[in-house]
Structures are given as C-alpha cells and as structure tokens.
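Since the structure comes first, as structure tokens, the remarks are kept for the end.
The values are calculated or read from the model by the stated rules, or taken from the named source; none is laboratory data. Computed from a prediction, not measured in an experiment: that's the story for all the values here. Using ideal geometry, Cβ is built from the backbone for each residue, glycine included, and neighbour counts are taken over all protein chains shown. Calculation scope for accessible area: heavy atoms of the full protein, side chains included, ligands and nucleic acids excluded. Shrake-Rupley method; radii C 1.70, N 1.55, O 1.52, S 1.80 Å.
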Amino acid sequence: MTNSDTRKQWFAVLAIVAALVLGAAALVKFGPRIEGVEVGKRAPDFEAIRLVQGDSIRFRSEYAGHITLVNIWATYCIPCRTEMPAIERLYQQLGPEGLKVVAISIDPGDGEDVRQFVQDYHLSFDILRDPSGRIQSLYQTTGVPETFLLDKDGIIVKKVIGEHPWSSPSNHRIVAGLLGGQ
C-alpha cells in the first residue's frame, strides 16, 4: 500500500467521522425536544375515551382553565383501590368549588371491569379509558397509580408516584389555595 492510499483512507475515515458529528449536532439542535413531565412543566395533551359516553375527548379541550387532578390507574392495582376513596372525598369536598378530577384507566378490554370498579367505589368524578396505555409513555409514568395536580394553565404543581392521601388536610389546603386563585 502506498503512502497516497493510506492518506486517502484516513481522509475517508475523517470525512465519515465529521459527517457523523455534524449529523449528531443537527439532531440535537433541530430534533424533537423531549422534556420531562415534572412540576413546573405543562402537562401533555392526550386523547382518551369517556367511560360513560364512549366518545373520545382531548384533555386540553375538555379541562382547560380548571384546576385538575389527573390520576393514571388500573383496576388490578391494589394501591389504586386504596387511593380512590381519598380522591373521591377530595372531589366531594372541592368539586363544588371548581376542582376537576379525571382518572384515566389503562385497563385493556371493553371497559366493563372499569365500570364495575366505578360502581363498587361510588366514584362520581370523570373516568376516562386508555386501553392502549399510550398515556403512560406520554406522561412518562413508572407504574400506577401516578397523579398530577394541574393549575388552571395546565402546569403541573404536584406529581405523586404511588398511593397518596389526597383527602388529607394538607392536600385540601393546596387544592383550595389553587381554586382560590381561579
């Protein structure tokens, strides 16, 4: 191999490396931004099926301008079963003041098990279904339940992973304080 051939090979290697570096830089600068779903960020919009009506709704269209508690759950989840009565109590206390609660079930199937759960637990807030589970990736959940408290602008003000005492005095104060600012 001649000296000229070696130079050509090195030039080709450097050109490939430069192209890869430029391509990576372009992806970082111009590619899609993936932001965490966390306190202080706007909650992602999503589409889900209303349990009762069976129609599809867009979250932002339906709940824009309201203090909203978004709960992602499943009927088979034991912590969800424990948490739901506390969410219902908070809704009973502050729903008349304007609190919206939307619980999105990720249960697969036709929703009959979700309907039975709602009946058994006497839930009166909005129940949506996402049998595809797409909301889990959209909200970057690690499991169920996960709950997000949103202000009237759709900004996450509290995020809870796992079961939580939503009807506790401290949570009541937080939500009532947000409602007072509407």
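Side notes on the structure shown:
- Listed by first and then second residue, the pairs with beta-carbon distance under 6 Å, at least 6 apart or on different chains, first residue in the stretch 139-151 and more than 15 Å from Val102 (Cβ to Cβ) and open to solvent by 30 Å² or more (accessible area, probe 1.4 Å), second assigned to a loop (DSSP other than H, G, I, E, B) and among the β-branched types (Val, Ile, Thr), are Gln140/Val37.
- So Ser105, is it in contact with a Gly (Cβ under 8 Å, 6 or more places away or on another chain), more than 19 Å from Gln92 (Cβ to Cβ) and not acidic (Asp, Glu): yes
- Checklist (1) aromatic (Phe, Trp, Tyr); (2) more than 23 Å from Arg58 (Cβ to Cβ); (3) surrounded by 18 or more Cβ atoms within 10 Å (Cβ to Cβ); (4) without any contact (Cβ under 8 Å) to a residue 60 or more places away in the chain applied to Trp166, failing item: (4)
- Complete set of residues in the stretch 80-97 that are surrounded by fewer than 19 Cβ atoms within 10 Å (Cβ to Cβ) and in contact with a Pro (Cβ under 6 Å, 6 or more places away or on another chain): Ala86
- Segments classed as strands (runs of 3 or more DSSP E), wholly inside the stretch 33-73, with at least 1 members that are at pLDDT 95 or above and open to solvent by 40 Å² or more (accessible area, probe 1.4 Å): 47-50, 56-58
- The stretch 65-100, residues that are under 17 Å from Gly177 (Cβ atoms) and hydrophobic (A, V, I, L, M, F, W, C): Ile67, Leu69, Leu90, Leu94, Leu99
- The stretch 126-137 - residue that is at pLDDT 95 or above and open to solvent by less than 50 Å² (accessible area, probe 1.4 Å) and, of those, nearest to Gln92 (Cα to Cα): Ile127
- Every residue from the stretch 98-113 that is open to solvent by 80 Å² or more (accessible area, probe 1.4 Å) and either of a type outside the set (D, E, K, R) or at positive phi (or both): Pro108
- Residues in the stretch 78-101 that are of a type outside the set (Gly, Ala, Ser), in contact (Cβ under 8 Å) with a residue 40 or more places away in the chain and not in a helix (DSSP H, G or I): Leu99 alone.
- Each residue in the stretch 101-125 was checked for being of a type in the set (Asp, Glu) and modelled with pLDDT under 95, and 1 pass.
- Meets criteria (out of contact with any His (no Cβ under 6 Å at 6 or more places or on another chain), without any contact (Cβ under 8 Å) to a residue 24 or more places away in the chain, open to solvent by 10 Å² or more (accessible area, probe 1.4 Å) and part of a loop (DSSP other than H, G, I, E, B)) for Asp5: no
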